[in-house]
Amino acid sequence: MNERSRIVNILREKEYFTLVGHILPDGDSIGSLLALGEALSNLGKQVKIYLPGIVPRKYMFLRGSEKFLTEGMELSPGTVAIAVDCSDLERLGPFSETIKQARCLLNIDHHITNQHYGTENLIDTKAAATGEIIFHLLADLEIPLTDSIAEALYVAVSTDTGSFKYDNTTPETHRIAADLLEYNVHPGVLSQRIFDERPLSYYLLLREALSSLELLCDSRIAVITISKEMLKRSGTTVEEIDGMINYTRDIEGVELGIMFYVESSEEVKIGFRSKTIDVSALAQKMNGGGHPRAAGCRVNAPYLAVKEKVIQEAEILLKKPCVRFSEAAWTGS
Ligand SMILES: [Mn+2]
């Protein structure tokens with residue numbers, strides 16, 4: 001029996017399920033958790049869903065998103081734990097220690113960097129989103145979709161494909177989206193909510209972020225830096241800065257976009273976006289992970305030291321020496 005049928009059997013036969021998503025929750029993780037959670041509940045199962053972070057405002061309309069638990073996880077011996085869209089246990093944040101103890105841990109994910117930490121691992125790196133894997137699992141289980149399951153899965157698939165724009169979008173992605181649109185799902189309303197509309201605080205932060213823009217390596221690398229102080233000034237939360245990195249990659253002629261988020265004088269989060277090169281390898285060199293065109297990592301060191309190292313590695317990746325960046329460009333605020 002293959003992994004998928006073993007997982008389908010476990011989902012069919014067991015009664016208690018604890019689902020968990022990853023830190024900095026995104027549309028795929030939230031949509032996949034809600035869809036799988038509702039489907040299992042509709043089968044009469046007992047389901048708890050834990051989220052190590054807050055639901056970004058743009059996803060709060062999703063049915064069930066108000067019911068995520070954020071602390072106090074306990075696993076009884078009979079409970080099946082399911083990690084959704086998590087490449088490694090660290091991504092489970094405060095829940096990783098408890099989840100590690102689970103006797104039965106299903107790891108359902110599509111990241112190429114997945115660490116296969118489950119007792120059962122369903123990793124499909126060809127799936128554009130974990131939502132696609134969940135869609136197929138529900139079909140295998142013969143669980144009828146509801147409008148809210150279809151909407152959650154549509155959000156999962158459309159967000160991880162950047163609204164069906166990224167190269168991970170396959171014919172299968174569109175076939176799944178087509179099936180989901182047979183339900184009461186409104187693509188125009190959803191894309192306005194998820195991709196277009198943003199709080200004013202986002203634009204106030206974007207104004208500051210763009211003024212930190214640096215172009216390196218013959219303008220093939222674009223870098224923006226965001227500090228915690230900038231977040232405070234604009235009233236933005238760290239969950240909302242995710243999309244800002246795309247402005248770096250989208251500049252004409254830029255191959256690699258990098259965003260530094262300076263959490264403290266000892267901790268920097270780094271995001272990578274590329275047009276063609278594999279940035280997951282770059283992130284992995286710094287104990288991070290992700291996808292070929294979108295990856296990230298977190299480094300415990302001061303910003304300027306981290307930046308120097310990252311630019312060096314990026315330079316190797318682009319196989320061309322870069323012009324040194326100017327330290328004066330960073331004022332520490
Ligand atoms: Mn995903």
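The values are calculated or read from the model by the stated rules, or taken from the named source; none is laboratory data. It should be emphasised that the depicted structure is a prediction, and the values quoted were computed from it without experimental measurement. When we count neighbours, we look across all protein chains shown, and the Cβ atoms used for this are built from the backbone with ideal geometry, even at glycine. These area figures cover heavy atoms from the full protein model, side chains too; ligands, DNA and RNA do not enter into them. Shrake-Rupley method; radii C 1.70, N 1.55, O 1.52, S 1.80 Å.
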Suppose all protein chains stay in the model; what accessible area per residue would a 1.4 Å probe give for the stretch 3-196, in Å²?
44 Å²
Stokes-Einstein translational diffusion, the stretch 85-202 - Kirkwood Rh over all Cα pairs, 1.567 mPa s, 4 °C, in µm²/s:
83 µm²/s
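Between LEU304 and ARG198, how high is the FRET efficiency from 1/(1 + (r/R0)^6) when r is the Cβ-Cβ distance and R₀ = 35 Å? Nearest 0.05. Before the final figure, lay out the partial values.
Numbers: r = 30 Å, r/R0 = 0.86.
Computed FRET efficiency for LEU304 and ARG198 comes out at 0.70.
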Residue pairs, from the table LYS275/LYS319; LYS126/LYS319; LYS232/LYS269; LYS285/LYS319; LYS269/LYS307, whose Cα atoms sit over 20 Å apart:
LYS126/LYS319
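Arrange the residues TYR303, TYR166 by how much accessible surface each exposes, largest first, with a 1.4 angstrom probe.
Values: TYR303 15, TYR166 90 Å².
Highest to lowest solvent-accessible surface, that is TYR166, TYR303.
All other residues with a Cβ under 12 Å from the Cβ of ARG63 taken together, and with Lys, Arg as +1 and Asp, Glu as -1, what is their net charge?
-3
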Cross-link partners among lysines for LYS48, C-alpha distance below 19 Å, same-chain residues fewer than 8 apart left out?
LYS14, LYS67, LYS100
Output the relative contact order of the stretch 201-329, whole-number percent, from Cα pairs under 8 angstrom with separation of 6+ residues.
20 percent
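For LYS269, what charge total do you get from the other residues with a beta carbon under 9 Å from its beta carbon, if Lys and Arg give +1 and Asp and Glu give -1?
Residues near LYS269 contribute -1 overall.
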Output the peptides 307-317, 185-195 sorted from most to least packed, where packing is the average of other Cβ atoms within 10 Å over each peptide's residues.
307-317, 185-195
Report, to the nearest whole %, how much of the accessible area of the chain belongs to carbon and sulfur atoms, 1.4 Å probe, protein only.
50 percent
Fraction of antiparallel bridges per DSSP, the chain only, in percent to nearest 5:
40 percent
Summed residue charge, Cβ within 14 Å of LEU43's Cβ, Lys/Arg positive, Asp/Glu negative:
-2
Listed peptides 219-229, 22-32, 66-76 by packing density, highest first (mean Cβ within 10 Å)
22-32, 219-229, 66-76
